[in-house]
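Have a look at the structure below, then the notes.
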Amino acid sequence: MPLPLAPLLAPSLLAGDHAHLAASARVVSDLGLLWLHCDIMDGHFVPNLTFGPETLAALRRAGSKLFFDTHLMLSEPQRYIEAFAKAGSNLISIHIEPAYDHAATLARIRDLGCQCGLVLNPGTPVAAVEPYLGQVDLILVMTVQPGFGGQPFRRDMLPKLTQLAAWRRERDLTFRLEVDGGIDLATGAECRAAGADTFVAGTSFFKAPDKPAYAAAFAKL
Ligand code: DX5
Ligand code: ZN
């Protein structure tokens, strides 16, 4: 049986300083953290816009070596996979809700040398991603409706984590189980107890007055 994965904190760049994103990424790497969660929104799948592949490429040019955990909130993610892979994404996650060839897009992400993830919205049952569990490096359970940072955590998403963690254990799979939305130390601990190992934190991370203490506490969840 695979050992439980150590808790991993992935600060979300969305809550960083958009006039100085390289500096925000450096805040993360200077703490010794490894992952940076990059939220890509198209104003269509979600009612907001953020940044695109050129921003990630610019962060690479500015020297960032962080693992770019790229969350595509796009109606047609299959059209942008290559651009994000070229821009420096290490992992690309796509939503299950829009209609496109999910299996082919996950395979394409891997062909391009990236890890792949599948994301489900609060209203989407966990059964929707079940057929793909053997094909992914990560499942992302949204704990808010995606589109904006700073929303309250949805505790009713915890049973999804319990189910996914059970499937992972029973089938000897090793995908990461990530949560995103309203995550802080308290809600993160609840998700950890339900089986999550990877924690996106936007507002709670960038607003934390003592970031080293915050990161150290997350590592012990
Ligand atoms: C929401 C994004 C999140 C967001 C989380 O649509 O997918 O990654 O940055 O922000 P907080 O941690 O503030 O809820
Ligand atoms: Zn996200």
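The values are calculated or read from the model by the stated rules, or taken from the named source; none is laboratory data. Predicted model, so just to flag it, every value in this text is computed and none were measured. Note: ideal-geometry Cβ built from the backbone for every residue, glycine included; neighbour counts use all protein chains shown.
Of all residues in the range 132-153 being away from ligand 2 (no atom under 14 Å from the Cβ) and under 30 Å from G43 (Cα atoms), which is surrounded by the fewest Cβ atoms within 10 Å (Cβ to Cβ)?
P152
Looking at the structure I just gave you, is P53 away from ligand 1 (no atom under 15 Å from the Cβ), buried (at least 17 other Cβ atoms within 10 Å of the Cβ) and within 14 Å of the chain's Cα centre (by Cα)?
Criteria not met by P53.
Search the range 190-218 for residues that are closer than 16 Å to G16 by Cα and within 16 Å of ligand 2 (Cβ to nearest atom) and pair each with any residue that is of a type in the set (V, I, T) and assigned to a loop (DSSP other than H, G, I, E, B) when their beta-carbon atoms are under 8 Å apart and the residues are at least 6 apart or on different chains.
Every condition considered, the pairs that remain are V200/I183; A201/I183; S204/I183.
Confirm whether D172 is at positive phi and surrounded by fewer than 23 Cβ atoms within 10 Å (Cβ to Cβ).
Yes, satisfied.
Every residue, every condition in (1) at pLDDT below 95; (2) closer than 23 Å to P125 by Cβ; (3) surrounded by 14 or more Cβ atoms within 10 Å (Cβ to Cβ); (4) not hydroxyl-bearing (S, T, Y), yes or no:
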| site | (1), (2), (3), (4) |
| --- | --- |
| G63 | no, no, no, yes |
| F68 | no, no, yes, yes |
| M73 | no, yes, yes, yes |
| E82 | no, no, yes, yes |
| A85 | no, no, yes, yes |
| I96 | no, yes, yes, yes |
| A99 | no, yes, no, yes |
| L106 | no, yes, yes, yes |
